[in-house]
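The values are calculated or read from the model by the stated rules, or taken from the named source; none is laboratory data. Here the structure is a predicted model, which means the values were calculated and not measured. Because the Cβ atoms are built from the backbone with ideal geometry, glycine has one as well, and the counts that use them run over all protein chains shown. For accessibility, only protein heavy atoms count, side chains too; no ligands or nucleic acids. Shrake-Rupley method; radii C 1.70, N 1.55, O 1.52, S 1.80 Å.
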Amino acid sequence: MAIADFELVLFGGSGDLAMRKLLPALYALCHDRHLPASARILCVGRHSWDTPQFLAAVDKESKPHVTADALDEAEWRAFCTRIHYLAFDVSEAGCYGQLATCLRPDAGLTRVFYLATPPALFARICHNLALCGLTNANSRVVLEKPLGRDLASARQINTEVGAVFIESQIFRIDHYLGKEAVQNLLALRFGNILFEPLWRREWISDVQITIAEEIGVGTRMGFYDSAGALRDMLQNHLLQLLCIVAMEPPVSATPDAVRDEKLKVLRSLRRFTPTTLSQHIVRGQYRNGYIEGQAVPGYRNEADANPQSRTETFVAVKAEIDSWRWAGVPFYLRTGKRMADQLAEIAVRFKPLPHSIFAQQSGSFQANSLVIRLQPDEGLNLNLMAKTPGDGMRLKPVDLELDFRESFKMPRMDAYERLLLDILRGQLTLFMRSDELEAAWEWVEPILDYWEQEGSMPAPYAAGSWGPAAASALVGRDGLQWREEALPEI
Ligand code: BG6
């Protein structure tokens, strides 16, 4: 589907996200001939630069993030001619005149306002845009996470942005939904007959969703220390993945059909009780350790860290879904920084055999599992038992592996490229609706309140490990192990 001519106004245009992700993704779309010839990008920032100065910064900070096979010097130059920079204080309505003079006075043009700013500015920017007559029925607004700090602030964002834009104009980004493997999970579940009969409590023992990062907080201490892993990753990315795994088949792939089903999952998440708050959640904070053989500092010793910080850099939660399909199936969600490996995956683990006819060597029988790999490589592994060649009936676990890159031999599309394309096409399926956002906060907020009241410290874990020991105990109490703990030693 071709993209209609547009202007994209990028607030936070000189920020980290714009430089590392958004401008490289826009370049990639340009390189792949998705952008109409006259489409323009107006970056708004606080640095008092002119456009040539801004472009010098883009060259330095953005260009290195363009994938090598897409980078072509002449194309990069041509892409840069689409970019204009405006320096003004976005909270001041009086400053929007200069934006107005830069925008083309064509009511038919799609106008995308991308707010890659702190959420505290969302309401003001939307209000000022409306006040200055810059919005119309062809406008869209994109909201970057974090979408609030708690339920009240998320509601406030919804109300204030909703006072200017109607729901179908609002694109709440969760970049995990733009990842190839997540879309492939939709294809796997709803494009094949094979898994649906098995996708339920009768056959599935548990689901583990892990997003483990080797990186620490880097230069983002200011943001991260006030957010923590629960707000940064669990409230959004992990819960969205859970929704895609657990939702009922939607009637179609239209935005509301999919989002209605995700919402039902969020609403059927079992609420925490005082007991489950203390037993089903583990939080941790990394200490000094080693990543790939290199010594790395603990969280409180990072640059700009508060040496008394109680912020969690790891969280693991046992979630339960009260529905006919999922009653009794635990969903373990886990994420952390400075972990043993850089990986994101969803492991759906099936129940053990009810009865084995094979006189099996002890310990070698493994229940089937399906692992959807999101990162670093994208693909699927279906773990089955097979006979080892030769004499005797000895069974061994083997993997049926699908590597998306190998199978399709096509360049991958970065999550932001895909989501930007959807925004430009007005396609909302991969974006969160206001009620989904609020339902996710409703479930997560009691955890934050509990931590606040209880006042204990996150459990320490060594950088380069799989998190605190309590995380193993979380699944161990249910007689289970995390996937890496269950893997045979090589
Ligand atoms: C972001 C978080 O939303 O996702 C970061 O704010 C995190 O803390 C990042 O590092 C992980 O995304 P990805 O795509 O690199 O796994």
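Odds and ends about this structure:
- Quarter of Cα convex hull surface for the chain, i.e. mean projection, nm²: 25.2 nm²
- Accessible area of Arg483 in the full protein assembly, 1.4 Å probe (Å², nearest 10): 60 Å²
- The chain, helix-only ellipticity at 222 nm - DSSP H runs n ≥ 4, -39,500 (n - 2.57), divided by all residues, nearest 500: -9000 deg cm²/dmol
- Approximating the spin labels as points 7 Å out from Cα along Cα→Cβ, the Ala469-to-Ala295 distance works out to 2.5 nm.
- Spacing of the two label points (7 Å from each Cα toward its C-beta) at Ala130 and Ile215, in nm: 3.5 nm
- Projecting the alpha carbon convex hull of the range 13-160 along each direction and taking the average yields 9.3 nm².
- Calculated accessible area for the chain comes out at 44 Å² per residue, all protein chains present (probe 1.4 Å; ligands, DNA, RNA ignored).
- For the residues Met385, Met410, Met233, a 1.4 Å probe over the protein chains yields an accessible-area ranking, largest first, of Met410, Met385, Met233.
- Simple spin-label estimate for Arg104 and Glu202 in nanometres, 7 Å along Cα-Cβ: 5.8 nm
- Span from the the range 1-48 Cα centroid across to the the range 132-171 one, whole angstrom: 20 Å
- Candidate residues Cys80, Cys132: accessible-area rank, largest first, probe 1.4 Å: Cys132, Cys80
- Surface composition of the chain: carbon plus sulfur atoms hold 55% of the accessible area, using a 1.4 angstrom probe and ignoring ligands, DNA and RNA.
- Computed accessible area, Lys409, all protein chains, 1.4 angstrom probe, square angstrom: 150 Å²
- Length-normalised contact order for the chain - Cα pairs under 8 Å, 6+ apart - percent: 18 percent
- Legend: calculated FRET efficiency, Gln342 to Ala187, from the Cβ-Cβ distance at R0 = 30 Å, rounded to 0.05, equals 0.75.
- A 1.4 Å probe, protein heavy atoms only, puts the accessible area of Met457 near 80 Å².
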